[in-house]
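Engineer: Below is a structure I'd like to ask you about.
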Amino acid sequence: MLKQTRIATSTPAITAQKWIDVRIPEQYQCEHIQGALNIPLRDIQAGTFPPLAKEDILYLYCNSGRQATLAQDALQQMGYQNVINMGGIAGLKKPVVTSE
């Protein structure tokens, strides 16, 4: 008689990519990357932002990259694994939404 063996497989986790504008809301409203979330640096540093999956890829940007660097450091200390500082908005080749 044949014996059936079940092989356990792990389901790969779905990783989302999120663009996060770490500038203040007024700057975000004037101009931001299409689809980006606005989570200001002060909220990241205080830990008062909507939950994000720690496995997600987080692309951070600001005006020059300085605030994104501080946000990256804070998020990595909180256990976020895939945090990428993309620098300033002017240097990004992504669709931008502006208020007119």
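The values are calculated or read from the model by the stated rules, or taken from the named source; none is laboratory data. As the structure is a computational prediction, the values presented were derived from the model and not from experiment. Positions of Cβ are generated from backbone atoms using ideal geometry, with glycine treated the same way; all protein chains shown enter the neighbour counts.
Here is a yes/no grid of residues against (1) surrounded by 14 or more Cβ atoms within 10 Å (Cβ to Cβ); (2) within 10 Å of ASP21 (Cβ to Cβ):
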{"position": "GLN34", "(1), (2)": "no, no"}
{"position": "LEU37", "(1), (2)": "yes, yes"}
{"position": "ALA46", "(1), (2)": "no, no"}
{"position": "PRO50", "(1), (2)": "no, no"}
{"position": "SER64", "(1), (2)": "no, no"}
{"position": "GLN77", "(1), (2)": "no, no"}
{"position": "ASN85", "(1), (2)": "yes, no"}
{"position": "GLY91", "(1), (2)": "no, no"}
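Engineer: Could I ask something else about it? Contact list please: Cβ distance under 6 Å, first residue in region 23-44 and of a type outside the set (Asp, Glu), second residue modelled with pLDDT under 95, pairs at least six apart or on different chains.
Structural biologist: GLN29/SER99; CYS30/SER99; HIS32/VAL97; ILE33/LYS94; GLN34/PRO95; GLN34/VAL97
Residue by residue, here is whether (1) at pLDDT 95 or above; (2) part of a helix (DSSP H, G or I); (3) among the basic types (Lys, Arg) holds:
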{"residue": "GLN27", "(1), (2), (3)": "yes, yes, no"}
{"residue": "PRO50", "(1), (2), (3)": "no, no, no"}
{"residue": "SER64", "(1), (2), (3)": "yes, no, no"}
{"residue": "THR69", "(1), (2), (3)": "yes, yes, no"}
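Engineer: Restricting the first residue to region 69-87 and requiring it to be on the phi > 0 side of the Ramachandran plot, which pairs with a second residue that is outside any strand (DSSP E or B) meet a Cβ separation below 6 Å and a spacing of at least six or different chains?
Structural biologist: GLY79/LYS54; GLY87/GLY65
Engineer: Next question, about the same structure. Within region 73-84, can you find the residues that are modelled with pLDDT of 95 or more and more than 9 Å from the chain's Cα centre (by Cα)?
Structural biologist: ASP73, ALA74, LEU75, GLN76, GLN77, MET78, GLY79, TYR80
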